[in-house]
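Have a look at the structure below, then the notes.
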Amino acid sequence: MQVAMLRAINVAGGNMVAMADLRGMLEELGFTDVKSLLQSGNLVFSSDRRSGDALERLLETETSKQLKVSCDYFIRTADEWAKVVAQNPFTKDAEHDPGHLVAMFLKAAASPKAVKSLEAAIKGPETVRAKGQQLYIVYPDGIGRSKLTNALIEKHLGTQGTGRNWNTVLKLAALVKQ
C-alpha cells in the first residue's frame, strides 16, 4: 500500500477535482485498492509497478492530462507512513491537541543547516523538528494566522512540501492498514 497526498487541490475554490475522478484515474492506470480520505487530496492504493519519484511524476502528468489539474504528489509507502507516525517528536501534542500538530511531507530531506535557518526565521510560538523527508510542526495558536507559512518553510528548506494535521495522518495510517 502507498499513500499519495496532492498539494493545493480543492483549497479556496482552486484546482477543484472530485475524489471520485482521482480514484477512477488511478484505477484506469492499473492501481488497486484505491481509497480517498477527505476532499483535500489524500489517496491510499496498491501498486506493484512503481514507487517514489517515478510514481509521483506519473501521477502528476496523468492528473494534468486527464483531469486538467496541475498539482504535486507526495508519495509514501505503508512502511514509510508507519515511520512518520512512530517518529513523531511531539507525542504530547499529538495526544492532547492533534489539530495543531502538522506533518509536512517534503520532496527531499532538509539539511540540518536549512532546518536551523527555518528555526531562526520563526517569529511566533511554533516549533519544528525534521526527520528525513518530514517536518513536524506544532502551531499552538493555530495555522490560520501563523507567519510560519508553506512559502516561508519552502524558502528556507529549499524543497516543496504539503502538510496534513495529525488527525488526518492517523486516519491515513488506519486506511493503509485495511
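The values are calculated or read from the model by the stated rules, or taken from the named source; none is laboratory data. Here the structure is a predicted model, which is why all the values come from computation and not from measurement. Here Cβ is always computed from backbone atoms with ideal geometry, including for glycine, and neighbour counts include all displayed protein chains.
A few remarks follow.
- Annotation: of all residues in the range 27-52 being surrounded by fewer than 18 Cβ atoms within 10 Å (Cβ to Cβ), of a type in the set (Ser, Thr, Tyr) and within 19 Å of the chain's Cα centre (by Cα), the one that is modelled with the highest pLDDT is Ser46.
- Out of Glu119, Glu126, Glu154, sole residue that is on the phi < 0 side of the Ramachandran plot, outside the structural domain of Asn42 (by TED's automatic domain parsing), exposed (fewer than 15 other Cβ atoms within 10 Å of the Cβ) and of a type in the set (Asp, Glu): Glu119
- Just one of the numbered conditions (1) touching a helix residue (DSSP H, G or I) at 6+ places or on another chain (Cβ under 8 Å); (2) surrounded by 15 or more Cβ atoms within 10 Å (Cβ to Cβ); (3) within 25 Å of Tyr136 (Cβ to Cβ); (4) not β-branched (Val, Ile, Thr) is not true of Leu55: (1).
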